[in-house]
Amino acid sequence: MTTTDQELAIAATGLRKSYGDKTVLDGIDIHVPAGTVFSLLGPNGAGKTTAVNILSTLISADGGQARIAGHDLVAEAQAVRAAIGVTGQFSAVDGLITGEENMLLMADLHHLPRAEGRRVIAELLERFDLAEVAKKPASTYSGGMKRRLDIAMTLVGSPRIIFLDEPTTGLDPRSRHTMWQIIRELVSGGTTVFLTTQYLEEADQLADRIAVLNGGRLVAQGSAEELKRLVPGGHVRLRFSDPAAYERAATALRETTRDDEALTLQIPSDGSQRELRAILDWLDSAGVEADELSVHTPDLDDVFFALTGSSVPDRSTAPARPTGSAGSTGSTGPTGPIKSAQSAQSAQSTESAQSAGKETVR
Amino acid sequence: MSAATHAFRDNLTMLRRNLLHARRYPSLTLNLLLTPVILLLLFVYVFGDVMSAGINGGHADRSDYVAYLVPGILLLTVAMTSLGTAVSVATDLTEGIMNRFRTMAISRASVLIGHVIGSVIQTLTALVLVLAIGVAVGFRPDATPVEWIAAAGLMALVSLALTWIAVGIGLVSPNPEGASNIGTPLVMLPFLSSAFVPVDAMPGWFRWFAEYQPFSPAIETLRGLLLGSGIGTRNAALAVAWCLGLTLLGHLWSKARFNREPRR
């Protein structure tokens, strides 16, 4: 074993899984250095949960190998389990008993001495803002409280590696920010976090490295900055109902992308006040009025269209590869690890732009 | 600590969890007791005269029928409470807590063993309740202390066997409602046994099944023990063989199902 392998909290190569003839994971490689946050980003059905389930010993892979905390996933499953904590997408709390009893259950299953268990539990309940409701049945908790209890239960055994499967899906914004704070604290304490999410923003906020999973394949890996560079810039969209006005605007404005059927124009823009004013001035001077003006910023949809469009040149010639190679500990190294995307970007920019975000300006 | 002590502690922890459920939600168990108790009252106070005339050759004496009926009702109670286990195992599976247990470095068997032992303890408690009601309606057992111990042991053994089967049912059920449905045949079996009427009174083509299915030998043995009428070695041996067989079968089945990959 090389020294690099030992520094990796998670080292997986060629993971495959299919259910019947449906391939869920089509050979993915994941390398997560200890003490970092790794985010697996992807839409519903991309295979994120399957990846977590495999890496957390819940299900077995059809192919590939993985070492978690230095232990082989299959041969040393129990040692892997002792090193990890898992908070799945669906709350894994016992609703029939109280929050505190749930925590005690975990302490007992981790064989903590009575006094130490009590201390750890009191501390965690306090930290996760659950002390007040600790004596109430967990089934009466709100979604955010359940999720916090879920994570608190995971932490009772002080796992070195934590898997969080969509920890903020379904949470309100306040709970989401609380969850982010919790994750940041975990990492500052040296824990390795493997996080799945559908939200680019979440990965952006938390992750050192992000891998984009689509259709069972990793289509890109890199830091948030590197991924964003793949995405065509934001734009302003103008929608018309009057074809004549649409034509006038199309001739008056330069650099637009036309959609004659929908009568919409797209103008590349960063959405800044200055650019918006310029566009409005152009429209005024041309004497046309758009029915709707909306500002679109790049979002996950754009990343996906950029990375997974059908006109991507032969994928096999530019496969996404793990980049956590020896020596490169920094996640924002100058060697952009992103494969396959640049060529796709230009070909797909129109399409991706059309699918962009939804911040409508009134 | 050795692996064995770890496993033992995990078993205790899981047992505590299941007993906590039972203590926190006694209504779940009490609901299951409703059927046996209602049937007991119905057959004693409503059908009692007809039934006793049936087993007594025309002479109606309700207290005779109470004596005949109560052992059957006790084993029906065992069947009903085991159905509760199937439902609670299925509930665990839908709650996501089972997946948490699977990703922890604990003794996997403890998850099931906790359910089984917890359920047997619950069943024995329930039996004390039903027996008390039986006594209240006129059941007068005349068992010796040894016979009482043997009777308790028999009921615990039946409970163990049915609970392991119930755990398997819970594990294959898509949801708690499903567990309740799939478990129904288990609860129906006592009705097709000698619990309510003697096997001799049944039509010939059915008698063979009624006589040898698991409940009849157990019921006959329990009757013998509680009423001091002798147990007959054949019934006792058959009952114990059924229990051990079903325990082994249920245990292997549950273990295999539990070690399978979870449903998605």
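Look at residue A:62 and say whether it is over 18 Å from residue A:187 (Cβ atoms), surrounded by fewer than 24 Cβ atoms within 10 Å (Cβ to Cβ), touching a residue at least 24 places away in the same chain (Cβ under 8 Å) and within 14 Å of chain B (Cβ to nearest Cβ). I'd like the intermediate steps shown before the answer.
Numbers: over 18 Å from residue A:187 (Cβ atoms): yes; surrounded by fewer than 24 Cβ atoms within 10 Å (Cβ to Cβ): yes; touching a residue at least 24 places away in the same chain (Cβ under 8 Å): yes; within 14 Å of chain B (Cβ to nearest Cβ): yes.
It is true that residue A:62 is over 18 Å from residue A:187 (Cβ atoms), surrounded by fewer than 24 Cβ atoms within 10 Å (Cβ to Cβ), touching a residue at least 24 places away in the same chain (Cβ under 8 Å) and within 14 Å of chain B (Cβ to nearest Cβ).
Anything in segment B:1-20 that is more than 8 Å from every other protein chain (Cβ to nearest Cβ), more than 24 Å from residue B:131 (Cβ to Cβ) and among the polar types (S, T, N, Q)? List them, or say none.
Within segment B:1-20, B:2, B:5, B:11 meet the criteria.
Out of B:64, B:49, which single residue is more than 14 Å from every other protein chain (Cβ to nearest Cβ) and closer than 19 Å to residue B:222 by Cα? I'd like the intermediate steps shown before the answer.
Working: B:49 fails: closer than 19 Å to residue B:222 by Cα.
One residue alone meets the criteria, B:64.
Would you say residue B:23 is touching a residue at least 24 places away in the same chain (Cβ under 8 Å), more than 17 Å from the chain's Cα centre (by Cα) and within 14 Å of chain A (Cβ to nearest Cβ)?
On the way: touching a residue at least 24 places away in the same chain (Cβ under 8 Å): no; more than 17 Å from the chain's Cα centre (by Cα): yes; within 14 Å of chain A (Cβ to nearest Cβ): yes.
Criteria not met by residue B:23.
So, in segment A:109-135, exactly how many residues are surrounded by 14 or more Cβ atoms within 10 Å (Cβ to Cβ) and within 12 Å of chain B (Cβ to nearest Cβ)?
Residues flagged as surrounded by 14 or more Cβ atoms within 10 Å (Cβ to Cβ) and within 12 Å of chain B (Cβ to nearest Cβ) within segment A:109-135 amount to 5.
Among the residues that make up segment A:46-57, is at least one of them within 13 Å of chain B (Cβ to nearest Cβ), under 25 Å from residue B:8 (Cβ atoms), free of Cβ contacts under 8 Å to residues at least 60 places away in the same chain and not in a strand (DSSP E or B)?
Yes, segment A:46-57 contains at least one residue that is within 13 Å of chain B (Cβ to nearest Cβ), under 25 Å from residue B:8 (Cβ atoms), free of Cβ contacts under 8 Å to residues at least 60 places away in the same chain and not in a strand (DSSP E or B).
Say we look at segment A:86-108 and pick out the residues that are at the interface with chain B (Cβ under 8 Å from one of its Cβ atoms) and in contact with a Ser or Thr (Cβ under 6 Å, 6 or more places away or on another chain); which of these is surrounded by the most Cβ atoms within 10 Å (Cβ to Cβ)?
If we take residues in segment A:86-108 being at the interface with chain B (Cβ under 8 Å from one of its Cβ atoms) and in contact with a Ser or Thr (Cβ under 6 Å, 6 or more places away or on another chain), then A:86 is surrounded by the most Cβ atoms within 10 Å (Cβ to Cβ).
Pick out, from segment B:84-184, the helices (runs of 4 or more DSSP H) lying fully within it that include 2 or more residues that are among the β-branched types (Val, Ile, Thr).
Here the list reads B:108-136, B:145-172.
Taking the stated definitions as given, is residue A:203 part of a helix (DSSP H, G or I), within 27 Å of residue A:54 (Cα to Cα) and out of contact with any Asp or Glu (no Cβ under 6 Å at 6 or more places or on another chain)? I'd like the intermediate steps shown before the answer.
Details: part of a helix (DSSP H, G or I): yes; within 27 Å of residue A:54 (Cα to Cα): yes; out of contact with any Asp or Glu (no Cβ under 6 Å at 6 or more places or on another chain): yes.
In short, yes.
Read through the list (1) within 11 Å of chain A (Cβ to nearest Cβ); (2) closer than 25 Å to residue A:136 by Cα, then give the number of the only condition that residue B:29 fails.
(1)
Does residue A:8 satisfy the criteria of being touching a residue at least 12 places away in the same chain (Cβ under 8 Å), within 14 Å of chain B (Cβ to nearest Cβ), more than 17 Å from the chain's Cα centre (by Cα) and under 19 Å from residue A:161 (Cα atoms)?
Numbers: touching a residue at least 12 places away in the same chain (Cβ under 8 Å): yes; within 14 Å of chain B (Cβ to nearest Cβ): no; more than 17 Å from the chain's Cα centre (by Cα): yes; under 19 Å from residue A:161 (Cα atoms): yes.
Judged against the criteria, residue A:8 is not a match.
Please go through segment A:58-78 and give me each residue that is out of contact with any Lys or Arg (no Cβ under 8 Å at 6 or more places or on another chain) and not in a strand (DSSP E or B), ordered by number. Steps first, answer last, please.
Initially, segment A:58-78 is screened for residues out of contact with any Lys or Arg (no Cβ under 8 Å at 6 or more places or on another chain), giving A:60, A:65-68, A:70-72, A:74-78.
Selection gives A:60, A:70, A:74, A:75, A:76, A:77, A:78.
Can you say whether residue B:252 is part of a helix (DSSP H, G or I), under 16 Å from the mean Cα position of the chain (by Cα) and hydrophobic (A, V, I, L, M, F, W, C), as far as the supplied structure shows? Write out each step before concluding.
Details: part of a helix (DSSP H, G or I): yes; under 16 Å from the mean Cα position of the chain (by Cα): no; hydrophobic (A, V, I, L, M, F, W, C): yes.
Considered against the rule, which asks whether it is part of a helix (DSSP H, G or I), under 16 Å from the mean Cα position of the chain (by Cα) and hydrophobic (A, V, I, L, M, F, W, C), residue B:252 comes out as no.
Whether any residue in segment B:88-98 is under 16 Å from residue B:23 (Cβ atoms) and within 14 Å of chain A (Cβ to nearest Cβ) is what I want to check. If you could, list the steps in order and put the result at the bottom.
Let us first name the residues in segment B:88-98 that are under 16 Å from residue B:23 (Cβ atoms), namely B:88.
Next, from what is left, pick out any that are within 14 Å of chain A (Cβ to nearest Cβ): B:88.
The answer is yes; a qualifying residue exists.
Sort out which residues of segment A:70-82 are touching a strand residue (DSSP E or B) at 6+ places or on another chain (Cβ under 6 Å) and more than 8 Å from chain B (Cβ to nearest Cβ), and write them in order of number. Talk me through it step by step, then tell me what you get.
Start the filter on segment A:70-82 by keeping residues that are touching a strand residue (DSSP E or B) at 6+ places or on another chain (Cβ under 6 Å), which leaves A:73, A:79-80.
Matches in segment A:70-82: A:73, A:80.
Residues to consider are A:290, A:306, A:320, A:278; find the one that is at pLDDT 85 or above and buried (at least 18 other Cβ atoms within 10 Å of the Cβ). Steps first, answer last, please.
Numbers: A:306 fails: at pLDDT 85 or above; A:320 fails: at pLDDT 85 or above; A:278 fails: buried (at least 18 other Cβ atoms within 10 Å of the Cβ).
Exactly one of A:290, A:306, A:320, A:278 is at pLDDT 85 or above and buried (at least 18 other Cβ atoms within 10 Å of the Cβ), namely A:290.
Taking segment B:156-168, which residues are over 9 Å from residue B:253 (Cβ atoms) and either more than 12 Å from the chain's Cα centre (by Cα) or crowded, with 24+ Cβ neighbours inside 10 Å (or both)?
First, the residues of segment B:156-168 that are over 9 Å from residue B:253 (Cβ atoms): B:156-163, B:166.
Of everything in segment B:156-168, those that are over 9 Å from residue B:253 (Cβ atoms) and either more than 12 Å from the chain's Cα centre (by Cα) or crowded, with 24+ Cβ neighbours inside 10 Å (or both) turn out to be B:158, B:159, B:161, B:162, B:163, B:166.
The conditions are (1) in contact (Cβ under 8 Å) with a residue 24 or more places away in the chain; (2) within 14 Å of chain A (Cβ to nearest Cβ), and residue B:154 fails exactly one of them. Which is it?
Condition (2) is where residue B:154 drops out.
Assuming residue B:37 fulfils every condition listed in (1) more than 14 Å from every other protein chain (Cβ to nearest Cβ); (2) assigned to a helix (DSSP H, G or I); (3) surrounded by fewer than 16 Cβ atoms within 10 Å (Cβ to Cβ) apart from one, which condition is it?
Residue B:37 satisfies every listed condition except (3).
Name the helices (runs of 4 or more DSSP H) wholly within segment A:213-287 that hold at least 1 residues that are within 27 Å of the chain's Cα centre (by Cα)? Please lay out each step first, then the result.
Values: elements: A:224-230, A:243-252, A:273-286.
Hits in segment A:213-287: A:224-230.
Could you list, in sequence order, the residues of segment A:79-102 that are within 28 Å of the chain's Cα centre (by Cα) and outside any loop (DSSP other than H, G, I, E, B)?
A:79, A:80, A:81, A:82, A:83, A:84, A:85, A:86, A:87
Count, please, the residues in segment A:128-174 that happen to be under 25 Å from the mean Cα position of the chain (by Cα) and either acidic (Asp, Glu) or in a helix (DSSP H, G or I) (or both).
Counting residues in segment A:128-174 that are under 25 Å from the mean Cα position of the chain (by Cα) and either acidic (Asp, Glu) or in a helix (DSSP H, G or I) (or both) gives 18.
The values are calculated or read from the model by the stated rules, or taken from the named source; none is laboratory data. Everything quoted here is computed from the prediction, not taken from an experiment. So basically every Cβ, Gly included, is an ideal-geometry build from the backbone, and we count neighbours across all protein chains shown.
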